[in-house]
């Protein structure tokens with residue numbers, strides 16, 4: 001069965017839309033390759049517990065994170081590591097571009 005390429009682009013747009021929130025990107029970065037509870041994510045990101053839970057629900061609905069329950073605790077982890085890797089690559093590219101701009105400004109100020 002062949003998948004319609006337009007359908008894949010639609011899914012990609014939905015996924016990127018779900019990742020278009022800075023707090024969700026922070027959560028994704030904090031999760032990395034380690035599963036954590038909502039409380040741990042809240043402490044590490046500085047985002048309130050209730051907001052972390054809301055963001056995780058959205059991310060889970062899009063398959064970005066998965067969860068498992070252990071007693072009273074719910075643990076979250078990245079569902080497909082390539083999502084986190086992709087976001088990290090974009091972040092690194094942004095940092096590199098900012099470094100280039102900073103270097104250009106410094107060079108122009110020295111002349």
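The values are calculated or read from the model by the stated rules, or taken from the named source; none is laboratory data. Owing to the predicted nature of the structure, the values given are computational and were not obtained by experimental measurement. No Cβ is skipped: glycine too gets one built from the backbone with ideal geometry, and neighbour counts run over all protein chains shown.
Being surrounded by 14 or more Cβ atoms within 10 Å (Cβ to Cβ), touching a helix residue (DSSP H, G or I) at 6+ places or on another chain (Cβ under 8 Å), in contact (Cβ under 8 Å) with a residue 40 or more places away in the chain and in a strand (DSSP E or B) is a property that residue 77 has.
Just for segment 63-74: of the residues that are in a loop (DSSP other than H, G, I, E, B) and more than 14 Å from the chain's Cα centre (by Cα), which one is nearest to residue 26 (Cα to Cα)? If we take residues in segment 63-74 being in a loop (DSSP other than H, G, I, E, B) and more than 14 Å from the chain's Cα centre (by Cα), then 72 is nearest to residue 26 (Cα to Cα).
From the list 60, 36, the one residue that fits, being under 17 Å from residue 81 (Cα atoms) and more than 14 Å from the chain's Cα centre (by Cα), is 36. Between 67, 42, the distinction of being touching a strand residue (DSSP E or B) at 6+ places or on another chain (Cβ under 9 Å) and modelled with pLDDT of 95 or more belongs to 67 only. Taken together, 54, 92, 50, 44 contain a single residue that is touching a residue at least 12 places away in the same chain (Cβ under 8 Å) and outside any loop (DSSP other than H, G, I, E, B), which is 44. Selection of segment 61-73 for residues being surrounded by 15 or more Cβ atoms within 10 Å (Cβ to Cβ) and either in contact (Cβ under 8 Å) with a residue 24 or more places away in the chain or closer than 18 Å to residue 11 by Cβ (or both) yields 62, 64, 65. In the set (1) more than 17 Å from the chain's Cα centre (by Cα); (2) under 22 Å from residue 22 (Cβ atoms), the condition left unmet by residue 106 is number (2). Number of residues in segment 6-34 that are outside any helix (DSSP H, G or I) and surrounded by fewer than 17 Cβ atoms within 10 Å (Cβ to Cβ): the value is 5.
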